[in-house]
Amino acid sequence: MVVDLECRQNRPFTLMELVGTGWPCQDVDMATRDLGRLAQRVRAHRLEQYPSRDAAAAAAGVTRNTWKRVEEGYEVRESTYVKIERALGWVGGSSLVIAEGGEPFLAAEFPPYAPAAPEVSEEEARKAAYEAARAAMPGAPIGEVDDFVDKFVKALRRVGQLRDDD
């Protein structure tokens, strides 16, 4: 799905890009968007989720006055829109989508981005590393190859690239 949304580079964004980035582009000029429409949606969603503007602002990590500015249709920093989106349970970039005439994407409807589960077991990684080391360094003493394999497997484990075979 491609969302009809562009920043000054005239670059459309896919839904997955919006989900993953928090804010789709760094040079969006919100002043040219429909901030009144955004203000209405922010207020409506805030009233559904928070007992007061103070509570919503606290949840977002912004001041009450900053939240009020958004609800009144004034432009604020991009980082403020991101904080408000999170507090309202919206996917990053939803403010821009709303200001362009769309509706917010609810974060609860999208699973959090997570890299694919590792496909390699420790045994497979050890075997591949050993074979590669022996081919690349045929004269290396076996102790050095074993040390290399141990370090390689440890590095893969540290970055989460080994499958758990429990």
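Since every read-out is calculated from the coordinates, none of them should be taken as a lab result. Quick caveat: nothing in here was measured; it's all calculated off a predicted structure. So basically every Cβ, Gly included, is an ideal-geometry build from the backbone, and we count neighbours across all protein chains shown.
List of remarks:
- Computed over neighbours whose Cβ is under 11 Å from that of residue 88, the net charge equals +3, Lys and Arg +1, Asp and Glu -1.
- Highest to lowest packing among 88-94, 51-57, scored as the average C-beta count within 10 Å: 88-94, 51-57
- Label-point separation in nm, residue 49 to residue 109, each point 7 Å along Cα→Cβ: 1.4 nm
- Dipole moment magnitude, nearest 20 debye, the stretch 42-166 about Cα centre, only Lys, Arg, Asp, Glu C-beta charged: 700 debye
- In the stretch 67-159, the C-alpha radius of gyration followed by the widest Cα-Cα span (Dmax) gives 24.9, 73 angstrom.
- Extension reserve of the residue 140-residue 100 stretch, reckoned as 0.36 nm per residue once the Cα distance is removed: 8.2 nm
- For the stretch 119-166, the set of GluC sites (Glu not before Pro) satisfying both a DSSP loop assignment and a count of at most 16 other C-beta atoms within 10 Å is given as 119.
- Close amide H pairs (under 5 Å, H built 1.01 Å from N) link residue 90 with 107, residues at least 5 positions away or on another chain.
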